[in-house]
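The values are calculated or read from the model by the stated rules, or taken from the named source; none is laboratory data. Keep in mind it's a predicted model, so treat the numbers as computed, not measured. Glycine also receives a Cβ, built like all others from the backbone with ideal geometry; neighbour counts cover every protein chain displayed.
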Amino acid sequence: MIVLDTDHLSILEYPERPQYQSLMEAMDRSTDGDFATTAVSLEEQLRAWLAAIHRTRKVHDQILYYSRLTALIGFFGQWTILPFNEPAADRFVAF
């Protein structure tokens, strides 16, 4: 299994970005086709969009951020999301 972090997911969310094609090619070349991400990456991205909504006071200016938030939910729905559990916390502390 290959675990993608927030930086990778940020590229994959937006196919128009220049790095998208090279990341997709690298994933296609991988001998391990089992890709996943983590609950931590989900939290980081949710937090970013929620913060944008919170700091934007004009309701109509929030529309874009709510749109991005709902798109994010759909995007993460396509991934296996690894939990942040005891073994994950132990591994984090070990570093």
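In this structure, is Phe35 touching a residue at least 40 places away in the same chain (Cβ under 8 Å) and among the aromatic types (Phe, Trp, Tyr)?
Values: touching a residue at least 40 places away in the same chain (Cβ under 8 Å): yes; among the aromatic types (Phe, Trp, Tyr): yes.
When the stated conditions are applied, Phe35 passes them.
Residues checked against (1) surrounded by 14 or more Cβ atoms within 10 Å (Cβ to Cβ); (2) modelled with pLDDT of 95 or more:
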residue	(1), (2)
Phe35	yes, yes
Leu42	yes, yes
Val59	no, yes
Ser67	no, yes
Pro83	no, yes
Ala88	yes, no
Arg91	no, no
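Any idea which of (1) at pLDDT 95 or above; (2) out of contact with any Leu (no Cβ under 8 Å at 6 or more places or on another chain); (3) over 22 Å from Asn85 (Cβ atoms) is the one Ile53 doesn't satisfy?
(2)
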